[in-house]
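The structure appears below as structure tokens.
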Amino acid sequence: DGGITQSPKYLFRKEGQNVTLSCEQNLNHDAMYWYRQDPGQGLRLIYYSQIVNDFQKGDIAEGYSVSREKKESFPLTVTSAQKNPTAFYLCATKQGALGFQETQYFGPGTRLLVL
Amino acid sequence: GEDVEQSLFLSVREGDSSVINCTYTDSSSTYLYWYKQEPGAGLQLLTYIFSNMDMKQDQRLTVLLNKKDKHLSLRIADTQTGDSAIYFCAESMTGGGNKLTFGTGTQLKVEL
């Protein structure tokens, strides 16, 4: 929260459809992250980006894609290849790209539901 | 390897202290964090501790770290109904984008 905006709050996806979740930040943070949260589980990392025009796969990248064309934006696309997309998606940012001591700050999340 | 474990539920009475526990397996962790999540919301950073510290206190919150046993705890003094939430511990790994590895979360319920 506080400078990290995720939209929409709720998103519905039809079978075979790609959907894009937005994450915008005005904190001037270098690094951005996408996590997926399922009930009774911790957060799992989907993708992360340490710098503009660069991103890396996390632990569960299959069925997802990202882009980082601007520092303040890191959209996540859930493709039709993701067979179980229903989850709560959280975006996070971190001030520095390489320093491990800086904490991650989270947005309010987007809940994705499959129709 | 990386594995962070927490108990799923904790119930306390208002005014009592709450202790939420976490164990981790990777001894190379540099920072350990506690986050709070209220229903339908994102994660709020509560506090963190560097791996060379044993204890950190911040108002009602006390974090204890036992590196030998790889055990982290969060104590909330004078627990209030507003403390009801899910609490996640997380460890920060060097390299790999400094990603966080999260525990499964502990649901804290504060009863009157």
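Since every read-out is calculated from the coordinates, none of them should be taken as a lab result. Everything numeric here is computed off the predicted structure, so don't read it as measured data. Positions of Cβ are backbone-derived with ideal geometry, glycine not excepted, and every protein chain shown enters the neighbour counts.
Brief remarks follow.
- Of the residues B:36, B:99, the one with the fewest other Cβ atoms within 10 Å heads the list, and the complete ranking is B:36, B:99.
- A:9, A:94, A:57 arranged by Cβ crowding within 10 Å, fewest neighbours leading: A:9, A:57, A:94
- Using C-alpha pairs under 8 Å with a sequence gap of at least 6, the mean separation divided by the residue count of segment B:15-62 gives a relative contact order of 27 percent.
- For chain A, built as a Gaussian network whose Cα springs stay under 10 Å, the top-fluctuating residue of A:39, A:85, A:75: A:39
- Residues considered: B:21, B:52, B:66. Largest GNM mean-square fluctuation over chain B, using C-alpha springs under 10 Å, is found at B:52.
- Taking amide hydrogens as placed 1.01 Å from N in the peptide plane, the amide H of residue B:47 sits under 5 Å from those of B:34, each at least 5 positions away in sequence or on another chain.
- Along the axis of the charge dipole computed for the protein assembly as shown (Cβ charges of +1 for Lys and Arg, -1 for Asp and Glu, origin at the Cα centre), the listed residues B:37, A:73, B:104 are led at the positive end by A:73.
- Entry note, chain B: relative contact order of 38 percent, from Cα contacts under 8 Å with a spacing of 6+ residues.
- Largest to smallest principal axis extent of the C-alpha atoms in the protein assembly as shown, angstrom: 49, 38, 32
- Global geometry of chain B, whether rounded, prolate or oblate, following the gyration tensor of its Cα atoms and the 1.5 cut on a/c: prolate
- Sum of side-chain charges, residue B:102 neighbourhood, beta-carbon under 9 Å (Lys, Arg +1; Asp, Glu -1): 0
- Residue exposure proxy: A:115, B:108, ordered by other Cβ atoms within 10 angstrom of their Cβ from fewest to most, comes out as A:115, B:108.
- Listed residues A:17, A:25, A:37, most fluctuating in chain A (Gaussian network, C-alpha, under 10 Å): A:17
- Dipole magnitude (debye, nearest 20) for chain B, charges at Cβ of Lys, Arg, Asp, Glu: 160
- Each Lys and Arg contributes +1 and each Asp and Glu -1, all at the Cβ; summed about the Cα centre of chain A, the dipole is approximately 300 debye.
- Under the Karplus curve 6.51 cos²θ - 1.76 cosθ + 1.60, θ = phi - 60°, whole-Hz ³J(HN,Hα) for segment B:10-15, x wherever Gly or Pro sits: 8, 10, 9, 8, 4, x
- Simple spin-label estimate for residue A:52 and residue B:5 in nanometres, 7 Å along Cα-Cβ: 4.6
- For segment A:1-74, the residue among A:7, A:52, A:17 whose Cα projects farthest onto the positive side of the dipole built from Cβ charges is A:17.
- What you get for the protein assembly as shown, charging only the Cβ of Lys and Arg (+1) and of Asp and Glu (-1), is a dipole of about 380 debye around the Cα centre.
- Checking the cross-link pairs A:14/A:94; A:9/A:70; A:9/B:68; A:57/B:70; A:83/B:67 against a 31 Å limit on the alpha carbon distance flags A:14/A:94; A:9/B:68; A:83/B:67 as lying beyond it.
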